[in-house]
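Remarks on the structure that follows.
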Amino acid sequence: MRWLVLAAREFRGSTGRIAFFAACLAVGVAAVVAVSGLSSALDQTIRAQARQLLAADLAVGSRRPIADEILAAIDGLVGARRVQVCELPSVVTGVPGDDGDSAPGASVLSELKAVGEGYPFYGELVTRPARPLEELLDERHVVVAPELLVRLGLDVGEGLMIGGESFTIAGTVSAEPDRMGASFSFGPRVLLSVAALERTGLAGLGSRVKYTVLVRLPDGTTPDDLAVAAASIRSAIADPEFVELETASEAQPTLRSGLGRVERFLGLVALLSLLIGGIGVAQAVRAWLAGRLDAIAVLRALGVRPREVFGLYLGQTALLALLGSVAGAVAGTLVARAVPTMVSGLLPVEVVVGWQPIAMVRGVALGLGVALLFGLRPLVDAMRVPPIRVLRRDADPLPISRVLGVLLSSILLAGITATASAQSGSLLRGLQFSAGLVVATAVLAGSAYLVVRLTGRAPRDHGSVTLRHGLAALARPGSGTLGAIVALGLGVLTVVGMWLIQDRLSAQLRADLPDQAPTVFLVDIQPDQWEGVEESLVVAGAESIDSVEVVMGRLASINGVPVAELAVDENDRSSDRRWVLTREQRLTSMATLPEDNVIVDGALWVHPDRSEVSIEADFARDLGVGVGDSIVFDIQGVPVELFVSSIRTVEWESFSINFFLVVEPGVLDRAPRFRIATARLSAAEELPLQNRLAAAFPNVTVLRIRDVLEKVVGILEQLGNGIRFLGAFTVLAGIAILAGAVSAGAIRRGRQVALFKTLGMTRAQVVSVFAVEYALVGLVAGVLGTVGAVVMAWTVVRFGFQIAWAWNPGALMVALVATVVMSVVAGLAASARALTVRPLAVLRQGD
Amino acid sequence: MDETRLLSLEGVGRQLPSGGKMLTILDAIDLEIAEGEFVAVLGPSGSGKSTLLALMAGLDRPSTGTISIKGERIDRLSEDRLALMRRHTIGFVFQSFQLLGNFTARENVMLPMELLGRADARRRADDLLASVGLAERGHHYPTQLSGGEQQRVALARAFAPKPALLLADEPTGNLDGATGRVVLDLLAEMRASEGATLVLVTHDPAVAALADRRIHLRDGRIEHEETN
């Protein structure tokens, strides 16, 4: 208690220091709390709205029609109701006019969703007119997204062609409870009845229908009842590896785990700004203690033990850290509240971020931990103040044991790793993060030190007075700017590096496709339609037309072991492998392989008495098969045994038609099939072709690759915005540190200003001397940061994503200038008090 | 062993590095100080007076020789033990006052007693401030006090924990003659009432004249001693 009282007294008069210390921490804590607050709000929203997001209590989904046994099991549940939902993409068009104009109407790739009566069981479907769906939909009426009306130039009441059949648009739909994140869709929605879908005949063709049965249990169903119901349905599923059962109490496990991954990544970016703030804390504590040396010496002379000195200042540091962290936690929550409106398209649900106590406590704890970690070294140095300083000011500090020095560094490293592991949810990622941070900091610090030393040696006989003084100030030993350069440089590195990577990815995706790459994919072409489709392509001026027949099948067994057993075995370990084993497989037949395929093991079609298959190397590894193995496919109920006779590599980047599985010609001749095709087309010809095909072959779906890539770029850029937004906090932390370092030297600067003014400098000249110094700090930090960013981005782009690197000197210049401007503004703001001093007042104080 | 011996130095020397070689500040000092004694240490600048005081207080360590307080060797104690020894045994008065700027006058006086955990710290601090004539100034910060007033607060602080040994380093050095006189009178008065042993470093013969014994230092050695 008495130590607390002492700490409080010793604290007086340090209020100026509090602002910068608190600011350094608050910025980082705000970033951390914003990320975890937003993420937990999102998680809570998803959990709270689980039934609405599923539109049911439970849902059974599959790529094939839901089996009768499963439907019977659902009907066997007391009071249960079910509704059928089918989803598939299809190109739709306006009804051709009856003015004899032969030009086809506009077409658009849309997402059809056929729903039975009763949909949705939960959640709100927003339609206009606002009437029950049953009244809007029937065999001849559909409801569409407003966007579709705009793109086809239609109005409610007009006609729409789907699968060659004509419908009337009965209204618009603007929100569905179980459709999340419109950014991720390929086209506008068309809602229709099951009967209407049957009339189009689309469900019977092709391969991309997703069947779902939504189940509603009686009101008052408990989670336990739900689990019992789910178990009884599950027991009716004959092929569980191909059927998904999802319940409302699981609350979107896939979505939430995806969001969790995003949170862990962003959490690390946020942590970075907190750790940079830690550098500021170390600097602030050091500067603060430097001003307390005399007081510490007196305390020591009066009999205060070294460890008590440590405890005294540790207590004060902790108190300050608590203040800064709480301020940051509040600011972070406010930021989290603002974010949902900024990225509304990306978030799957309407999120209302309230106060997130757990996120706030976590942020405060991290802030406190980081402050103590980084403050530890200067605090330990406070123990070394020799009591004899009361008599002799130049006395050497007490010796520190080498073991303690090593121990302190180890504690710092371990602490950083621990916080990074906590933020990323993995010790390995925590270790990688801290290793990367240590390397980046060491390189930046080393380079900054070199630059500052070289500046000190630069000849100063030329140039203006202000430039020479600015250079001298930068090089002055103990000016405290080195830490600021490192911190600011790390911030610049993070923001510019992340931006460069995202910019390269976007540019690469947007760039003209490779010369020989196709620009359109055509799927679901019936074999007898191919001749007509090919003619349309030729008429449109398409080049490099390529087409193959595709047979859909499911893997049944590998070397006699049923997939169900393989899938169950691997269920816990890797969902990727489960996906590989249970997806709908596309098989094709080819006599010879395309040019970009290279056989790496075995040989093609060499066994006259066996049905052979050639498998792509990565896929074969995922399946766990090699040459000589036997696999069985279930093709529309017929088992087909295939012998693996070769393994080959494929150049996927070519965008040509390629398959994981190529089967020997003749084997699949009797299986039902459809065709897919690729072609290269000028951008201007794509839409007219889609329109013509939609009119002539309504079941054929045209996928325009440029369009798809544009959507991916859009998502990427929104993610990039989020990362840059958080990265900005690291720059902010760097700026706070610079301001702190400048303000720590306020007394010295005041004396300097007084001297300059006494010697006849105008205030404007003094300001420009300081501005030059801060500009140099910004310049060095900016150059080092951007160079680091380029190195990091280049490495990631070339080796991580394996795409070409391209320079963007304009952006780098912008980053550089912005850094310089920010540091001049922050530095001058922090020197404001020193700049206003009267010369006499300062010089009289003496030293 | 002499029952009344408080402090003893045997063969104490102190060297400090200076410009690449070792400079001898003190050499072969043998000195004993009895309980209740008032000893003045005199000598010109650079004779080693302040270093001798620092060694007596355990603020510095001798290069050679031994120093004992109440029969216990202090020259080999850890920093912690030295701090506790000072807390319990030693009071200080410095030339430059050395009050804590963030503490009020009263808090400065209370500090040594609070370190000892004394419950009556505040009452005794008020008594001590009254006895140095600053009863009304307890809530003032050092910067609000004159030099003489600051040194009187420092006196009150030095006597606060009832130290067995009071060490004063040129206590009047930063004060004008009249103010210095007042401080010295108070020092003598309080020593009498609190009963402390006093070692006072000065180069002012008039100040030294008050002492029971005067030790003259020159070039780090005891030149001669005089006793009243």
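Bear in mind these aren't lab numbers, they're just calculated from the coordinates by the rules spelled out. Note that this is a predicted model, so its numbers are computed, not measured. In this analysis, Cβ positions are derived from the backbone assuming ideal geometry, glycine residues included, and neighbour counts consider all displayed protein chains.
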Point-charge dipole on Cβ atoms (K/R +1, D/E -1) for the range A:543-680, about Cα centre, debye to 20: 360
The range A:543-680, relative contact order in percent, only Cα pairs under 8 angstrom and at least six apart counted: 39
Dipole magnitude of the range B:29-104 about its Cα centre (Cβ charges: Lys, Arg +1; Asp, Glu -1), debye to nearest 20: 200
Ranked packing of B:82-92, A:719-729, A:662-672, A:803-813, most packed first, by mean Cβ within 10 Å: B:82-92, A:719-729, A:662-672, A:803-813
Averaged over A:379-391, number of beta-carbon atoms from partner chains that fall within 10 Å: 4
Whole-angstrom gap from the range A:359-379 to the range A:260-314, using each part's C-alpha centre: 9
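Would you mind finding the longest exposed-site-free stretch of chain A, with exposed GluC sites (Glu not before Pro) meaning DSSP loop and at most 12 other Cβ atoms within 10 Å?
Details: sites that count: A:124, A:350, A:595.
Longest run free of exposed loop sites: A:596-847.
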Cut-off 11 Å between beta-carbons: net charge of the residues surrounding residue A:424, Lys and Arg +1, Asp and Glu -1: +2
Charge dipole magnitude, Cβ of K and R +1, D and E -1 - chain A, Cα centre, debye nearest 20: 8040
Counting DSSP beta bridges with both ends in the protein assembly as shown, the antiparallel % (nearest 5): 75
Residue among A:177, A:154, A:395 farthest towards the positive dipole end of chain A, charges placed on Cβ: A:395
Residue among B:119, B:160, B:105 with the largest mean-square fluctuation in a Gaussian network model of chain B, springs linking Cα atoms under 10 Å: B:119
Partner chain coverage, peptide B:76-82 - average Cβ within 10 angstrom: 3
Pairwise centroid distance, computed over Cα atoms, of the range A:13-84 with the range A:668-746, Å: 24
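Percent relative contact order of chain B, based on C-alpha pairs within less than 8 angstrom and at least six residues apart?
28
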Likely footprinting exposure, A:795, A:419, fewest C-beta neighbours within 10 Å first: A:795, A:419
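What 222 nm value per residue comes from the helices of the protein assembly as shown, counting each DSSP H run with n ≥ 4 as -39,500 (n - 2.57) and dividing by all residues, nearest 500 deg cm²/dmol? Mind showing how you got there, number by number?
Values: 34 runs with 534 residues, N = 1075.
Counting only the DSSP helices, I get -16500 deg cm²/dmol.
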